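Below: the structure, in structure tokens.
The values are calculated or read from the model by the stated rules, or taken from the named source; none is laboratory data. Computed from a predicted model, the values in this text were never measured in an experiment. No Cβ is skipped: glycine too gets one built from the backbone with ideal geometry, and neighbour counts run over all protein chains shown.
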Amino acid sequence: MHIGAADQIEHEDGRVELRPGVSLSGSSLYNHDLAPTTVAQRTWKTYNFAALWISMAHCIPTYMLASGLITAGLSWWQALLTILLGNLIVLVPILLNSHPGTRYGIPFPVFARAAYGVFGSNFPAVLRAIVACGWFGIQCWIGGKALHTFMLAMWPGWATLLGGHVSGYAPTQWLSFAAFWALNVFVIFRGMELVRKLEDWAAPFVLVMTAALVWWAIDRAHGLGPILAQNSHFHGHGSFMSVFVPSLTAMIGFWATLSLNMPDFTRYGRSQRDQFVGQVVALPTTMTLFAAMGVLITSASQVIYGVQIWDPMDLAARFESRAMVAVGMFTVVIATLAVNIAANVVSPANDFANAFPKWINFRRGGLLTGILGVAMCPWKLLADPSGYIFKWLLGYSGGLGAIAGVLIADYWYLKRRELDLADLYRPDGRYSYGDRLGTNWVAVGATALGCALAWAGAFVQSLHWLYDYAWFVGAFVAAGAYLVGMKVVGDRSTRTL
């Protein structure tokens with residue numbers, strides 16, 4: 001019998017849904033937010049996925065990305081080439097892990113149950129969620145800084161309204177941070193439909209406003225010539241490869257989070273073609289284009305002001321026109337809100353719900369994400385561009401690469417894209433792997449091995465090259481160890497129960 005044939009229907013287009021009458025509501029692994037979407041609920045078209053990536057890529061960390069690479073020693077064109085190549089590479093695991101979302105209508109933590117076990121899936125889900133919490137905090141700090149700059153433009157006395165600095169920042173900046181954080185929580189509590197509308201509207205608005213800023217920068221710098229003459233050659237310490245390799249890995253790390261949890265979005269896809277085309281068209285092109293805008297504006301700041309300003313909020317603070325500052329900061333707020341909700345709330349909210357489905361739903365999971373994001377002190381992560389790229393992005397890429405390796409090897413090679421949809425929600429089903437803890441220890445062990453080798457170079461100098469390739473090491477070591485381990489012990493999940 002075909003896997004899950006008694007409980008699920010496979011349509012001609014390959015999408016799968018539960019048969020009418022099959023109820024999972026009594027399962028401890030089920031709640032409304034984790035439930036598989038029906039085919040009727042899968043309505044996202046090509047534009048929705050393209051708009052999702054455009055709005056997520058049009059964020060301040062993307063703008064800062066190329067500037068940070070230039071600071072590390074790459075020329076402007078080397079920085080843009082590194083970003084393009086990194087995004088083309090990470091697009092591969094993104095697309096591979098997107099497929100089960102559209103086919104089965106399941107979010108990332110439920111998909112992870114197929115490889116890690118119904119309870120073992122909490123290991124990769126929580127690891128992924130912790131990284132997202134850090135990103136949530138980073139984006140909230142950026143959004144709060146934009147609000148603070150906006151208020152300074154409207155009210156020059158804003159900075160000293162509540163007294164002197166607290167922990168190095170004006171009290172009103174902390175207040176702005178809290179206000180932007182609260183705005184994110186409001187959107188979370190309104191649900192996924194508001195998220196979709198926000199992404200559709202934010203994408204073209206942010207692109208148009210950033211293009212206007214580029215035009216201003218070129219005009220003030222008296223053309224592209226003086227701008228492109230800045231940093232046109234490699235100027236870092238050591239060899240080009242010693243900077244390029246970790247930079248490339250960090251670029252992959254930038255979207256390594258989404259390479260795991262894209263099922264959280266593709267579960268709403270109308271077809272595999274819609275999600276595939278939307279992502280392929282939008283991700284690498286938008287990231288490179290927006291980073292190029294950041295390069296032009298940052299390089300222009302050197303010509304205009306005599307100093308390279310890689311933070312757009314600091315640049316806006318120098319504008320003479322209050323109206324320009326207000327419009328610029330409003331754009332930053334919209335861009336940051338859109339990417340934060342899509343990239344850093346949807347997944348961890350589902351991940352925390354997966355760990356405690358009867359106590360945590362999407363809203364509570366989103367609130368928990370917000371609290372942990374503040375606790376991770378994002379203002380320290382953004383203190384300097386080199387720390388942001390070579391510690392934060394590069395560091396976590398190894399762990400997320402290891403998870404991606406296991407998921408891809410399991411779904412595409414071992415399971416051959418065939419899952420039992422109902423058993424993903426049953427504690428005693430095939431995805432318990434015959435273990436009383438509902439865990440596939442081969443997957444957990446393979447992930448741990450991938451993480452250990454990817455991170456070893458951060459502590460052992462002679463192995464530092466492993467750390468430079470952290471995402472690649474984590475992904476390929478974990479995938480290989482998983483396939484070998486499953487061949488030795490046998491894959492119990494493929495056996496008919």
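Has the stretch 168-176 got at least one residue that is under 25 Å from residue 351 (Cα atoms) and crowded, with 24+ Cβ neighbours inside 10 Å?
Step one: list which residues in the stretch 168-176 are under 25 Å from residue 351 (Cα atoms), which gives none.
Looking through the stretch 168-176, none of the residues is under 25 Å from residue 351 (Cα atoms) and crowded, with 24+ Cβ neighbours inside 10 Å.
Sort through 316, 335 and tell me the only one that's closer than 14 Å to residue 60 by Cα and touching a Cys at 6+ places or on another chain (Cβ under 6 Å). Working first, answer last.
Working: 316 fails: touching a Cys at 6+ places or on another chain (Cβ under 6 Å).
Step by step, each of 316, 335 is checked, and only 335 is closer than 14 Å to residue 60 by Cα and touching a Cys at 6+ places or on another chain (Cβ under 6 Å).
Within the stretch 229-255, the set of residues being more than 27 Å from residue 454 (Cβ to Cβ) and in contact (Cβ under 8 Å) with a residue 12 or more places away in the chain comprises 230, 231, 232, 233, 235.
Only one entry in 214, 208, 185, 195 is in contact with a Gly (Cβ under 9 Å, 6 or more places away or on another chain) and either modelled with pLDDT under 75 or not acidic (Asp, Glu) (or both), namely 185.
For the condition buried (at least 24 other Cβ atoms within 10 Å of the Cβ) and at pLDDT 90 or above, what is the one hit in 97, 122?
Values: 122 fails: buried (at least 24 other Cβ atoms within 10 Å of the Cβ).
Selected residue: 97, the only one of 97, 122 that is buried (at least 24 other Cβ atoms within 10 Å of the Cβ) and at pLDDT 90 or above.
So how many residues does the stretch 3-34 have that are in a loop (DSSP other than H, G, I, E, B) and in contact (Cβ under 8 Å) with a residue 60 or more places away in the chain? Break it down into steps so the answer makes sense when it comes.
Residues of the stretch 3-34 in a loop (DSSP other than H, G, I, E, B): 3-7, 11-15, 19-34.
This time we only want the ones that are in contact (Cβ under 8 Å) with a residue 60 or more places away in the chain, so: 3-4, 7, 13-15, 22, 24, 27-34.
Result for the stretch 3-34: 16.
Taking the stretch 357-391 on its own, how many of its residues are more than 14 Å from residue 139 (Cα to Cα), modelled with pLDDT under 75 and either part of a helix (DSSP H, G or I) or polar (S, T, N, Q) (or both)? Walk me through it before giving the result.
Taking the stretch 357-391 as the starting set, the residues that turn out to be more than 14 Å from residue 139 (Cα to Cα) are 357-368, 384-387, 389-391.
If we keep only those that are modelled with pLDDT under 75 as well, we get 384-387, 389-391.
In the following step, the residues that additionally are either part of a helix (DSSP H, G or I) or polar (S, T, N, Q) (or both) were identified as 385-387, 389-391.
The qualifying residues number 6.
For the stretch 70-107, a residue qualifies if it is within 23 Å of residue 118 (Cβ to Cβ) and either free of Cβ contacts under 8 Å to residues at least 24 places away in the same chain or not in a helix (DSSP H, G or I) (or both), and the qualifying residues are 105, 106, 107. Only residues that are in contact with a Pro (Cβ under 9 Å, 6 or more places away or on another chain) and modelled with pLDDT of 80 or more were counted in the stretch 340-351, giving 1.
The residue that is farthest from residue 70 (Cα to Cα), among those in the stretch 281-303 that are among the hydrophobic types (A, V, I, L, M, F, W, C) and within 16 Å of the chain's Cα centre (by Cα), is 282.
Looking for something more than 23 Å from residue 127 (Cα to Cα), in contact (Cβ under 8 Å) with a residue 40 or more places away in the chain and of a type in the set (Asp, Glu) - is there at least one such residue anywhere in the stretch 463-476? No. So, residue 273, is that one modelled with pLDDT of 85 or more, over 23 Å from the mean Cα position of the chain (by Cα) and charged (D, E, K, R) or not? Answer is no for this residue. Within the stretch 256-315, restricting attention to residues that are free of Cβ contacts under 8 Å to residues at least 12 places away in the same chain and under 23 Å from residue 143 (Cα atoms), the residue that is surrounded by the fewest Cβ atoms within 10 Å (Cβ to Cβ) is 314.
When the stretch 212-221 is filtered for residues that are in contact (Cβ under 8 Å) with a residue 40 or more places away in the chain and not hydrophobic (A, V, I, L, M, F, W, C), only 220 remains. Filtering 35, 72, 51 for residues that are crowded, with 16+ Cβ neighbours inside 10 Å and more than 29 Å from residue 417 (Cα to Cα) leaves a single hit, 72. For residue 433, all conditions in the list (1) modelled with pLDDT of 95 or more; (2) aromatic (Phe, Trp, Tyr); (3) on the phi > 0 side of the Ramachandran plot hold save one; what is the number of the exception? (1) is the only condition that residue 433 fails.
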